[in-house]
Amino acid sequence: MNVPQHTLRITLSLVILTTGLLMLGQIAGLLPDQRADALKHRQQLCETLAVQISTLPVETSLKTVDALARSLVARYPEIRTVGLRRSDGTLLMETPEHSVLWPAGTEISPERVAVPLYSNTGRWGALEVSFAPLPGEGLTGILSNPFVHFLAFMALAGTLFYYLLIRRALKHLDPSAVIPARVRAALDVLAEGVVLADDEENIVLSNRSLATKLNTTPNELLGRTLSSLPWLNPEPKSGPIHYAWQATLHEGRVVTGVPMYLETEQHGMRTLMANSAPITDEEGHVRGAIVTFDDVTQLEEKNAELEDMLRMLKDSQDKIHRQNQELQTLAAKDPLTGCLNRRGLFESLNSAFDRAKRSGGKLSCVMCDIDHFKTINDTHGHGAGDKVIRAVAEVLRSGARESDVIARYGGEEFCLMLPGLSLHQGSEMAERLRRTLAALDNDGIKVTASFGVSAMEALPADAEGLLKQADVALYRAKRSGRNRVVIHTLPDDNTRATTDLV
């Protein structure tokens, strides 16, 4: 609401009030009643005319009555026609068009007045007078009513004079007028918007910064409520907008750092950080609030860009981490069989050995070597040799548990790490695997393998020692005829280094 609109609204209210009071006075009878006066005048006129006619010998003086009637019609514009009618309905005298305006049987009304005439023998007739419509009846009567003219004059004149008077009065009552020009200039220099509002949120002072964002002037903001500005609610589902100044006006507390979103025509949506402090009187009652709006749109945009960059960086880091994991997986796995390679084996074996040693648990290690593999390569070619290696790896995987680790140790050698299995249990699993391989027919190529088994019971010093013990047992299995399982001898057996298991 700006000042001219405010002035016009007050002006129209006063005009409506004035005309309403005049109409109320008319209803209450304090002003002259034009209709009642007209009816009274007509009554007196008809009675006077009837008295004059009654004194004349009507049957012999119709010419005199006719002349008198025509004189009345010509003299009084409100009288339209005059007629003299007997009691039996016979029309003795009439002015022009009286029969048209007053046909036989017409009822008496304010426009048609009949005055009875009497003689010594009683009523012998009636004087009929037709009048123009009274003011206030029909649109023409209303427009011709002097009181309506008076109301129209008061409305037009009152609008003009009230407007000039109120505009001059409000100029002196403008709360911003008491602000010194140097103070207003200082407020206009500030980059953030500054608003002073009364206890009903009406703006009584605004600097140029906020007005510019709204494509208006500080004076045009005067009288508008802060909450009526085009604020936006980015998350309607979360509830209505919380205005900082409402908490200040209702609770008298300082509110800072409340984000507000303002829709502007030239600059689009702006993000403002609102801060509100109460304005109190001498008794401490809140009379208004001073509210500042700091435009942080660019900062929010930079923060959004930074968040996007951080999100992109995190995505890149995650991608690199996944690729590193894939590389580590590829580096720890044998590409031909999909089993762990020697590097992956040692990482898993060292961890398992440390856990078993700390907890006193069981752990077995099995070394496996394909028998006469060089002969297979020389006879059938390296392609057939690769198929044999893959077939052996598949047999080892299918016969092992999910917790077991299978690795290609090198060439045609494999190593199995069996957590939770003793030396005896490990040798039993090795024997099952040996039998499965011996029964395997790989495209007509007979495949057998030798196994060496060791376990924590052999008291190896470390994971490498456990692996070495299994390798020594494997070497004995190959020397003793191949296609067999050899167990590493326990430390308390001084007679043999290994034990054969066929």
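One table, with the values for the structure above:
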item: Selected residue (only one of Ile320, Ile406, Ile389 is touching a helix residue (DSSP H, G or I) at 6+ places or on another chain (Cβ under 7 Å) and either hydrophobic (A, V, I, L, M, F, W, C) or open to solvent by 90 Å² or more (accessible area, probe 1.4 Å) (or both)); result: Ile406
item: So His250, is it assigned to a loop (DSSP other than H, G, I, E, B) and open to solvent by 40 Å² or more (accessible area, probe 1.4 Å); result: no
item: Unique residue being under 22 Å from Gly452 (Cβ atoms) and open to solvent by 20 Å² or more (accessible area, probe 1.4 Å) when the list is Leu299, Leu340; result: Leu340
item: Number of the exception - Pro335 against (1) open to solvent by 70 Å² or more (accessible area, probe 1.4 Å); (2) closer than 30 Å to Ala247 by Cα; (3) in a loop (DSSP other than H, G, I, E, B); result: (2)
item: Region 363-406, residues that are in a strand (DSSP E or B) and in contact with a Lys or Arg (Cβ under 7 Å, 6 or more places away or on another chain); result: Asp369, Ile406
item: First in region 330-349 and closer than 21 Å to Gly399 by Cβ, second anywhere and in a helix (DSSP H, G or I) and open to solvent by less than 90 Å² (accessible area, probe 1.4 Å), Cβ under 6 Å, 6 or more apart; result: Thr337/Ala393; Cys339/Ala393; Leu340/Ala332; Gly344/Ala332; Leu349/Ala463
item: Any pair with Cβ under 8 angstrom, 6 or more apart, that starts in region 286-309 at a residue that is over 27 Å from Asp199 (Cβ atoms) and in a helix (DSSP H, G or I) and ends at one that is open to solvent by less than 40 Å² (accessible area, probe 1.4 Å) and among the charged types (D, E, K, R); result: none
item: Any hit, region 339-359, residues being in a strand (DSSP E or B) and in contact with a Lys or Arg (Cβ under 9 Å, 6 or more places away or on another chain); result: yes
item: In region 201-225, the residues that are part of a helix (DSSP H, G or I) and out of contact with any helix residue (DSSP H, G or I) (no Cβ under 9 Å at 6 or more places or on another chain); result: Thr212, Lys213
item: Qualifying residue in region 267-275 (condition: open to solvent by 80 Å² or more (accessible area, probe 1.4 Å), part of a strand (DSSP E or B) and in contact (Cβ under 8 Å) with a residue 12 or more places away in the chain); result: yes
item: Candidate set from region 423-447 (those that are polar (S, T, N, Q) and in contact with a strand residue (DSSP E or B) (Cβ under 8 Å, 6 or more places away or on another chain)); member that is least open to solvent (accessible area, probe 1.4 Å); result: Ser427
item: Residues (surrounded by 11 or more Cβ atoms within 10 Å (Cβ to Cβ) and not in a loop (DSSP other than H, G, I, E, B)) located in region 226-241; result: Leu226, Ser227, Ser228, Trp231, Leu232
item: Filtered residue count, region 206-219, keeping only those that are over 15 Å from Gly268 (Cα atoms), of a type outside the set (Ser, Thr, Tyr) and surrounded by fewer than 17 Cβ atoms within 10 Å (Cβ to Cβ); result: 1
item: Selection count where residues are among the small types (Gly, Ala, Ser) and under 21 Å from the mean Cα position of the chain (by Cα), scope region 199-246; result: 5
item: Yes/no for Glu78 being farther than 18 Å from Thr48 by Cα, open to solvent by 20 Å² or more (accessible area, probe 1.4 Å), acidic (Asp, Glu) and over 60 Å from the mean Cα position of the chain (by Cα); result: no
item: Subset tally (residues that are more than 22 Å from Lys333 (Cβ to Cβ) and open to solvent by 70 Å² or more (accessible area, probe 1.4 Å)) for region 356-386; result: 10
item: Count - residues of region 407-421 that are touching a strand residue (DSSP E or B) at 6+ places or on another chain (Cβ under 6 Å) and outside any strand (DSSP E or B); result: 2
item: Sole exception among (1) modelled with pLDDT of 70 or more; (2) loosely packed, with under 14 Cβ neighbours inside 10 Å; (3) over 22 Å from Tyr118 (Cα atoms) for Val15, by number; result: (2)
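The values are calculated or read from the model by the stated rules, or taken from the named source; none is laboratory data. Just so it is clear, the model here is predicted, and its values are computed rather than measured. Note that each Cβ is placed from the backbone with ideal geometry, even for glycine, and that neighbours are counted across all protein chains shown. Protein only, heavy atoms only, side chains kept; ligands, DNA and RNA dropped before computing areas. Shrake-Rupley method; radii C 1.70, N 1.55, O 1.52, S 1.80 Å.
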